[in-house]
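The values are calculated or read from the model by the stated rules, or taken from the named source; none is laboratory data. Computed from a prediction, not measured in an experiment: that's the story for all the values here. Here the Cβ positions follow ideal geometry from the backbone for every residue, glycine too, while neighbour counts run over all protein chains shown.
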Amino acid sequence: MTGPAALEDLLRTEAPYVLSALVRRFGRFEAAEDAVQEALLDASIQWARDGVPENPRSWLTRVGYRRMVDLLRSEQAAHRRELQIGIAEVVTPAGPAAETDDSLTLLLLCCHPALSRAGQVALTLRAVGGLTTTEIAHAYGVAENTMGTRISRAKQTLRKAGARFTPPGEAERADRIGAVLEVLYLVFNEGYTATAGAELGRV
């Protein structure tokens, strides 16, 4: 059996990798985030009971992939013709996406220039850094509901901007580096002195 704290740490570590794999495959950030949350919930129940699988990331990616397929199918249920023509190509490949570390691409995507600097950093801390909304709000010294609204607006802005899950070019990457460095600094701070929990620091 795996202890609750160790299991939570494992899920927190794997979540960004699974999210980046789903966003790369489907190009739907918010939907992918929902699918990852469902996969994490399933894992927290099943792994606590049956033990952690040999390849946790592959297990989470496979479950998240199925959730995305279900979501896309339900969204298109009212458009059967389009579903029959297009969905087979979109959501029924031979298997889940290969295990590739896309975390850097996801990091740069969340620091998209369509977002304000505060939005870039808050969204990236949540999606890639694995911090909770409470922890991010604490880092900025604002109320949790304020930070929740900021993150939600950042996701909507990304969707409206048509942000693609592709590595940015050199010039665009340079424009995003400032926000990336701020994210890394704040993640380090949370690890050095944890906002919550029994331990002073977090790995």
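Across region 47-66, which residue is nearest to the chain's Cα centre (by Cα) among those that are in a loop (DSSP other than H, G, I, E, B) and not hydrophobic (A, V, I, L, M, F, W, C)? Ranking the qualifying residues of region 47-66, first place goes to Asn55. How many residues does region 154-203 hold that are at pLDDT 75 or above and among the aromatic types (Phe, Trp, Tyr)? Residues that pass the stated criteria total 2.
What do you reckon, is Leu181 surrounded by 14 or more Cβ atoms within 10 Å (Cβ to Cβ) and part of a helix (DSSP H, G or I)? The answer is no for Leu181. Restricting attention to region 15-46, the residues that are at pLDDT below 90 and more than 14 Å from the chain's Cα centre (by Cα) add up to 0.
Residues are listed down the side, and each one gets a yes or a no for (1) in contact with a His (Cβ under 8 Å, 6 or more places away or on another chain); (2) basic (Lys, Arg); (3) in a helix (DSSP H, G or I); (4) crowded, with 17+ Cβ neighbours inside 10 Å:
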site	(1), (2), (3), (4)
Ala6	no, no, yes, no
Leu10	no, no, yes, yes
Thr13	no, no, yes, no
Tyr17	no, no, yes, yes
Ser20	no, no, yes, yes
Arg24	no, yes, yes, yes
Ala31	no, no, yes, yes
Leu41	no, no, yes, no
Ile45	no, no, yes, no
